[in-house]
Structure formats: structure tokens, C-alpha cells
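Here the structure comes first, spelled out in C-alpha cells, and everything after it is commentary.
The values are calculated or read from the model by the stated rules, or taken from the named source; none is laboratory data. Since we're looking at a predicted model, the values are computed, not measured. When we count neighbours, we look across all protein chains shown, and the Cβ atoms used for this are built from the backbone with ideal geometry, even at glycine.
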Protein chains: 2
Amino acid sequence: MREYNVAILGATGAVGNRMIAQLAQSSIPVKTIKLLASKRSAGQTLAFRDQSVVIEEATPSSFDGIDLVFASAGGSVSKQLLPEAVKRGAVCVDNSSAFRMDPTVPLVVPEVNPNDLANHQGIIANPNCSTIQMVVALNPIYHQYGLKRVIVSTYQAAGGAGQSALDELNIQSQAILDGQTPEAHILPVKSAAKHYPLAFNLIPQIDVFDEQDYTYEEWKMTHETKKILLGDPETKALAVSATCVRVPVPIGHGESVYFETKDTNVTPAELKALLASAPGVVLQDDPAQQIYPMPINAVGKQETYVGRLRADLDQPGGFHTWIVADNLLKGAAWNAIQIGECLVEQDLVHATIN
Amino acid sequence: MREYNVAILGATGAVGNRMIAQLAQSSIPVKTIKLLASKRSAGQTLAFRDQSVVIEEATPSSFDGIDLVFASAGGSVSKQLLPEAVKRGAVCVDNSSAFRMDPTVPLVVPEVNPNDLANHQGIIANPNCSTIQMVVALNPIYHQYGLKRVIVSTYQAAGGAGQSALDELNIQSQAILDGQTPEAHILPVKSAAKHYPLAFNLIPQIDVFDEQDYTYEEWKMTHETKKILLGDPETKALAVSATCVRVPVPIGHGESVYFETKDTNVTPAELKALLASAPGVVLQDDPAQQIYPMPINAVGKQETYVGRLRADLDQPGGFHTWIVADNLLKGAAWNAIQIGECLVEQDLVHATIN
């Protein structure tokens with residue numbers, strides 16, 4: 001069996017940390033592991049299985065001899081270093097948004113479009129966290145009954161903005177409980193002019209504002225969903241619109257999703273039966289027993305939890321549902337490692353000829 | 001000028017407390033004030049303006065000589081005591097859901113349907129908190145451009161479930177910050193079989209489940225919106241569907257609202273201009289300056305804050321917006337006192353002949 005020299009870029013972040021743990025549990029045969037980060041973290045150690053691994057500063061030559069890279073170091077680092085890794089023969093799974101809309105880069109959720117991996121040219125993009133959990137739930141419905149439109153309102157956890165946002169939520173929460181005024185330095189966007197406390201608050205801005213007064217996070221949900229489900233980020237064959245809101249939850253995104261199926265005769269019971277056996281989905285939908293998805297039950301899990309599924313009472317083929325997943329696992333680290341497993345299974349970890 | 005003998009029923013609750021404060025600031029000429037609660041609270045004192053008022057146990061005879069009652073003591077207390085108050089010549093503004101769907105009871109948001117008060121028969125119902133802030137924002141749009149459908153996802157604060165839910169959110173938050181497992185006794189529904197912690201979590205259940213797997217909170221948003229805007233809770237002339245989620249925020253409901261106007265030529269700029277001058281609305285919509293509604297800025301305010309208004313890019317006449325208000329003030333205490341002000345202005349505080 002082939003074994004792989006694996007590197008994790010951005011190993012010290014909230015997602016990078018979880019990539020190490022998810023890789024350790026995965027079916028990927030790891031020959032050697034290299035943990036890469038910025039100069040600041042170099043020299044520190046992190047555990048991979050029973051090994052203590054010294055973190056190295058990421059430079060182009062770090063990728064010499066590496067077969068497989070999992071990157072979660074932000075868009076600018078990915079843009080700079082991943083082409084260097086590819087040049088050296090590595091295949092890269094990138095968690096940033098840098099390459100997602102590149103038509104030569106597959107954007108993959110393994111339950112949905114694993115076959116897109118076959119066309120990779122060295123870089124595979126991991127979708128946005130809020131997109132992943134939604135398409136895991138919608139994909140079986142799309143294939144069985146068709147989809148006309150999706151309207152989603154997100155309830156996104158602090159962890160999606162990294163460890164510093166998680167830390168700040170705790171510090172702000174304690175300050176408020178102590179009767180103090182909380183400080184804010186991270187959210188909604190670290191580089192933005194204004195910062196607002198998330199603790200005990202709601203911030204209807206995730207990422208910067210784009211054209212037409214949508215945030216880039218909302219834009220990502222629209223275009224990534226179309227690319228993953230239909231293969232074309234600009235297609236008008238499916239309408240997708242999003243409102244993205246940050247909520248004071250550490251980990252676990254919630255999504256209130258309205259969707260319309262092309263088949264207007266489908267019933268909630270049929271949709272629930274379909275979802276109950278859908279890959280990567282756990283149906284938690286028993287109102288009489290107060291069973292529905294909640295972040296506290298999704299933390300640390302690889303699955304996407306779906307519930308509260310019910311018919312819109314005015315629109316034939318219209319339905320509402322509520323979707324929760326661990327945004328750092330299925331929304332990031334686990335989906336990336338899962339892509340790695342697919343690459344290994346499909347024997348697609350090899351240098352590409354551009 | 002006529003002065004009124006006023007009673008507040010449920011004076012010790014989160015809403016009752018705020019009714020006292022809002023009444024104190026209102027234009028209602030108060031001759032005498034009576035604070036009523038359960039036997040448990042009788043004998044305690046609360047301040048009204050510079051008076052210290054002894055709380056009395058609410059009984060039918062408490063309403064002898066009372067002109068105007070503001071009630072927030074729950075549905076069963078209202079059902080039992082408000083007919084007794086009416087019998088004694090009082091006019092009652094009730095914050096519970098007990099009478100809202102009664103066709104003889106006006107369901108009033110003063111910015112929207114103050115003329116419905118003229119037909120009262122002693123009881124006026126204060127709508128559900130999440131309904132009020134939505135109709136304040138949608139009413140001018142409905143009148144100017146027509147409305148076809150509304151899809152709302154709510155982000156509802158703990159305070160909507162009363163002081164005990166507010167206290168529990170604080171206790172649970174501190175427990176989690178201290179590394180302990182939080183206890184849950186109040187939410188989602190005190191009388192339900194299961195309780196879940198709200199701190200750092202999301203609970204997609206508000207009130208009990210109704211038919212067709214909607215919660216009663218969701219049902220209320222649908223039918224109350226129709227009764228307030230169109231005068232008929234069952235009308236099919238407007239489609240309204242809701243997903244209601246409790247979030248770990250003490251006070252201030254958020255709502256992500258999608259709506260479709262009948263006039264499909266209207267622009268976001270026209271809607272924003274309309275909302276900027278709409279009664280009770282504060283437009284906070286400047287993405288370039290990161291200005292949008294947030295609970296921390298709405299707490300303690302009487303207004304409804306509207307922002308993030310933008311066109312749906314797939315649906316002509318489709319728009320998304322984000323609405324925040326203090327659910328204990330505009331969503332409850334202030335709306336009730338404001339109804340009282342309208343009753344006084346319209347000289348409608350008088351015994352009814354049934």
C-alpha cells in the first residue's frame with residue numbers, strides 16, 4: 001500500500017489543529033507528517049498520534065518531497081505557497097477561498113461531488129463552512145426531486161472566524177457577566193474599520209461587503225452551492241440567496257433553509273426518509289420528542305444534522321428545514337481530510353502535468 | 001383633562017416591570033396606579049415615578065374602579081381575570097396570546113392599525129413580540145408596494161421567555177465559562193418534558209409544537225401578521241411562513257426577513273427611503289460604514305431597527321432585510337403602553353356595553 005508524506009499548513013489554527021486530529025483518525029496512510037505555520041510558531045511542538053512534531057516555518061522548500069498538503073492558513077498564504085507545493089509534485093486541499101472560483105479547481109464535498117476530483121490540477125478547494133453543511137442536506141433532494149430555489153439564513157458560530165474569535169467570545173462573555181464593557185478587536189472582520197462584541201449579541205456581517213450590499217460570505221453561499229451542486233457557479237438554473245449572521249455560539253453553525261423542489265408532489269415524510277439514509281446526514285426530526293439539531297449536540301461530530309423539516313403551507317413544493325454541523329469539522333477540517341481520503345481511494349495523489 | 005385609574009397585572013415580571021417604567025414616561029394621565037401580581041409577590045413594593053407602591057394580590061375585586069389595565073401575567077391569568085375587569089368597566093390591554101385570535105378583540109400595533117381600536121369590547125390584544133417588529137417594518141411596504149409573501153427566520157432573545165429565562169442564561173453562561181455542565185429548567189418551554197441549555201447554543205423551538213410540525217410561535221407569526229396587516233388571520237392574500245429559533249442573547253430579537261412586493265419595479269433605494277420616514281422605524285443601513293441593526297444597540301429603545309435591505313438577485317420584487325427591536329419594549333411593554341396612549345387619544349377608555 002502506498003504511504004504518503006503529508007503536510008499541514010496552518011497547523012496551529014483552530015482548523016489546522018482539527019486537521020491534525022482528523023488526519024490521525026483517517027484512513028489516509030501517513031508515512032511522514034510535517035506541520036507548517038508562520039515563523040512565530042516555528043519550534044513549538046504538536047502531537048500527531050503518538051509523535052511529537054516540531055512545527056516548521058512554511059517556505060516553498062518545505063514542500064520538497066511532500067505528496068499531500070492540507071492548508072488552512074488563509075487566502076494570501078495559500079495563494080503564495082500552494083503553487084510552490086504543486087510545482088514540487090504535491091496535491092493540495094485548501095480551506096481558504098483563494099481558489100474556489102477558479103474553473104480549473106474542483107470545489108468538493110465528498111458526499112456530493114467526489115467525481116470532480118478526477119480533474120484536479122494539483123489544488124482542490126474545500127468549500128465555505130456554511131455552504132458544506134447545506135449542500136450535504138440538499139444534494140439528495142436535488143437529485144431525487146429537483147431544486148428550484150433556496151433561501152438560507154445562517155446562525156454562524158464564532159469559531160468560523162478562528163481561534164482568536166473563540167477566545168474573544170469567552171473573554172467578552174465573562175466581562176459582561178462581571179458587569180464590565182466588553183472590548184472587541186476581531187469580529188466581524190479583523191481588518192475592518194469597526195469591531196463589535198459578539199457576546200450576547202448578533203452581528204449581521206460575516207466577511208466584507210461585496211457589490212449589491214451582500215457580504216462576501218453570502219456571495220460564497222450562492223456561488224459555491226451552484227458550483228458544487230450544478231458544476232457552474234453562475235448558473236441561473238437554481239436560485240440561491242443567503243443572509244449570514246454571526247451568533248454568540250463557539251462552535252456549530254445553524255441554518256434555517258427554505259427550499260422549493262421541482263417535483264411539487266413530494267411530501268415531508270418522503271424527504272425525511274430520503275435524508276435518513278443520505279450519506280453524511282443524521283436526521284434529528286421528532287418534534288413530539290423535542291428532537292431537533294442543536295450546536296451543543298453537533299460539536300465534535302463529522303455528520304450534518306437535519307431536522308424541523310416541514311411543508312410551507314402556501315407554496316406547493318416549498319419546505320423549511322434546520323441544519324446544524326460542527327463548522328470546524330464538517331465545515332472545514334473533516335471535509336478537507338475526507339477529500340484527502342477520496343484522493344487516496346481514487347489514486348489521485350500524484351504530480352500533475354500542467 | 002381626564003385622568004385614569006390604571007392597574008398593571010403581572011407587575012413583577014420582565015414585561016410587567018417594563019410596563020411600569022414605560023407608563024411612567026408615557027402621555028397617559030395617571031390618577032392612581034395599582035400593581036397586581038400573584039399572592040407570592042403581594043406586600044412587596046415597586047416604584048412608579050416617585051411613589052412606592054405596595055403590590056397587591058390580583059383578584060376580581062382588584063379591578064373595582066379601574067379604568068385601564070395592562071396585563072402581562074400569562075394566558076390563563078388573563079383568561080380568568082380580564083373578563084372580570086371588563087365587567088367592572090375597565091379597558092384591558094393584554095400581552096398574552098389568550099385573546100389574540102378572538103375576532104371581537106383588536107390585535108394592535110399602533111404604527112400599523114390604530115383604527116382597529118375603535119371596535120374594542122373591553123379587551124385589546126398586544127401581539128407576539130416577534131410579530132410586532134416585523135409588521136412595523138413591513139406595513140409601509142405593504143401599503144406602498146403591496147406584499148405577496150414573507151419568509152422569516154427569527155433570532156429570539158432569552159428575555160422573551162421571561163425573567164427566569166434571562167437569569168438562567170446568565171447562570172448557564174457562567175457555568176460553561178467555569179468549565180461546568182450547565183443545568184436547564186426553563187427553555188424551550190417550561191412545562192415541556194425536556195429542557196436544553198441556551199447558553200452558547202441555539203434552540204429551534206419556541207413554544208410548543210402545533211399541527212404540521214410548526215411551533216406555536218411560528219403559527220403566531222403567520223396568523224397575527226395576517227390579522228394585523230390585512231384584518232384576517234386566515235387570509236390567503238399574503239403568504240407568511242416562519243422559523244423561530246432561540247439564541248443566547250438576553251434582550252433584542254433579530255429577524256432575517258425575505259419578502260416579495262406586488263410591484264416588481266420597486267428598488268432597494270425606494271424601500272430604504274420609505275422606511276427612513278416610516279413611523280417607529282429607524283433605518284440603520286450603511287454597509288460601507290458597517291451600520292446595521294444589532295441587539296446591543298436596540299436594548300432599551302422603543303424603535304424598530306431595519307437594515308441590510310437588498311434585492312434578491314433571482315426574484316424580481318424579492319428583497320432581504322434584517323430587523324432588530326427590544327422584544328421587551330416594542331415587542332411587549334412599550335407596544336402595550338403605546339396602545340394605552342392611543343386609547344386615551346381616541347377617548348376609547350370607557351366601559352363597553354356587551
Is it the case that A:GLN121 is at pLDDT 95 or above, more than 14 Å from the chain's Cα centre (by Cα), surrounded by fewer than 24 Cβ atoms within 10 Å (Cβ to Cβ) and not assigned by TED's automatic domain parsing to the domain that holds A:PRO233? yes
What is the number of the single condition among (1) under 20 Å from A:GLU217 (Cα atoms); (2) more than 13 Å from chain B (Cβ to nearest Cβ) that A:LYS301 does not meet? (1)
Applying the selection to the range A:228-238, what residues are crowded, with 20+ Cβ neighbours inside 10 Å and either in contact with an Asp or Glu (Cβ under 9 Å, 6 or more places away or on another chain) or within 10 Å of chain B (Cβ to nearest Cβ) (or both)? A:ILE228, A:LEU238
Are any of the residues in the range A:187-195 modelled with pLDDT of 95 or more, part of a loop (DSSP other than H, G, I, E, B), more than 20 Å from A:VAL108 (Cα to Cα) and among the β-branched types (Val, Ile, Thr)? yes
For the range A:307-316, check the following and say yes or no: at least one residue is within 18 Å of the chain's Cα centre (by Cα), hydrophobic (A, V, I, L, M, F, W, C) and in the same structural domain as A:VAL136 (by TED's automatic domain parsing). no
Looking only at the range B:245-290, count every residue that is among the polar types (S, T, N, Q), crowded, with 17+ Cβ neighbours inside 10 Å and touching a Gly at 6+ places or on another chain (Cβ under 9 Å) and tell me the total. 2
On the basis of being surrounded by fewer than 24 Cβ atoms within 10 Å (Cβ to Cβ), in the same structural domain as B:LYS220 (by TED's automatic domain parsing) and either among the basic types (Lys, Arg) or more than 30 Å from B:ILE28 (Cα to Cα) (or both), does B:GLY300 make the cut? no
How about the range A:257-298: which of its residues are more than 10 Å from every other protein chain (Cβ to nearest Cβ) and at positive phi? A:GLY280
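Can you tell me which residue among A:ASP232, A:ASP167 is in a loop (DSSP other than H, G, I, E, B) and either in contact with a Lys or Arg (Cβ under 8 Å, 6 or more places away or on another chain) or at pLDDT 95 or above (or both)?
Among A:ASP232, A:ASP167, only A:ASP232 is in a loop (DSSP other than H, G, I, E, B) and either in contact with a Lys or Arg (Cβ under 8 Å, 6 or more places away or on another chain) or at pLDDT 95 or above (or both).
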Complete set of residues in the range A:178-194 that are over 20 Å from A:ILE206 (Cα atoms) and more than 10 Å from chain B (Cβ to nearest Cβ): A:GLY179, A:GLN180, A:THR181
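Would it be correct to say that A:GLU260 is outside the structural domain of A:ASN113 (by TED's automatic domain parsing), within 30 Å of A:ASN17 (Cβ to Cβ), in contact with a strand residue (DSSP E or B) (Cβ under 8 Å, 6 or more places away or on another chain) and among the acidic types (Asp, Glu)? If you could, list the steps in order and put the result at the bottom.
Working: outside the structural domain of A:ASN113 (by TED's automatic domain parsing): yes; within 30 Å of A:ASN17 (Cβ to Cβ): no; in contact with a strand residue (DSSP E or B) (Cβ under 8 Å, 6 or more places away or on another chain): yes; among the acidic types (Asp, Glu): yes.
Taking the combined requirement at face value, the residue does not satisfy it.
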Output yes when any residue across the range B:342-349 is over 27 Å from B:ASP167 (Cβ atoms) and facing chain A (nearest Cβ under 9 Å), and no when none is. no
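Does B:PRO127 satisfy the criteria of being more than 14 Å from chain A (Cβ to nearest Cβ), in a loop (DSSP other than H, G, I, E, B), closer than 27 Å to B:PHE259 by Cα and in contact with a Cys (Cβ under 9 Å, 6 or more places away or on another chain)?
no
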I'd like the full set of residues that are buried (at least 22 other Cβ atoms within 10 Å of the Cβ) and within 23 Å of B:ASN327 (Cα to Cα), limited to the range B:75-95. B:SER78, B:CYS92, B:VAL93, B:ASP94, B:ASN95
What's the number of the only condition in (1) more than 20 Å from the chain's Cα centre (by Cα); (2) surrounded by fewer than 20 Cβ atoms within 10 Å (Cβ to Cβ); (3) more than 10 Å from chain B (Cβ to nearest Cβ) that A:LEU147 fails to meet? (2)
With respect to the numbered conditions (1) closer than 24 Å to A:THR154 by Cα; (2) more than 8 Å from chain A (Cβ to nearest Cβ), which one is the sole condition not fulfilled by B:ASP213? (2)
Right, A:LEU138: assigned by TED's automatic domain parsing to the domain that holds A:VAL93, touching a residue at least 12 places away in the same chain (Cβ under 8 Å) and part of a helix (DSSP H, G or I) or not? no
How many residues does the range A:201-215 contain that are over 15 Å from the mean Cα position of the chain (by Cα) and in contact (Cβ under 8 Å) with a residue 40 or more places away in the chain? 5
For B:ALA237, indicate whether it is among the small types (Gly, Ala, Ser) and in contact with a Pro (Cβ under 8 Å, 6 or more places away or on another chain). no
Within the range B:34-45, restricting to residues that are surrounded by 17 or more Cβ atoms within 10 Å (Cβ to Cβ) and within 23 Å of the chain's Cα centre (by Cα), the one that is nearest to B:GLY74 (Cα to Cα) is B:ALA37
Checking B:ALA336 against (1) over 16 Å from B:ASN113 (Cα atoms); (2) away from chain A (no Cβ under 14 Å); (3) under 14 Å from the mean Cα position of the chain (by Cα); (4) in contact (Cβ under 8 Å) with a residue 60 or more places away in the chain, which test does it fail? (1)
What is the residue count in the range B:277-301 for residues that are within 22 Å of A:PRO197 (Cα to Cα) and touching a residue at least 60 places away in the same chain (Cβ under 8 Å)? 1
Find the residue count for the range A:4-40, including only residues that are free of Cβ contacts under 8 Å to residues at least 40 places away in the same chain and more than 15 Å from A:ALA71 (Cβ to Cβ). 7
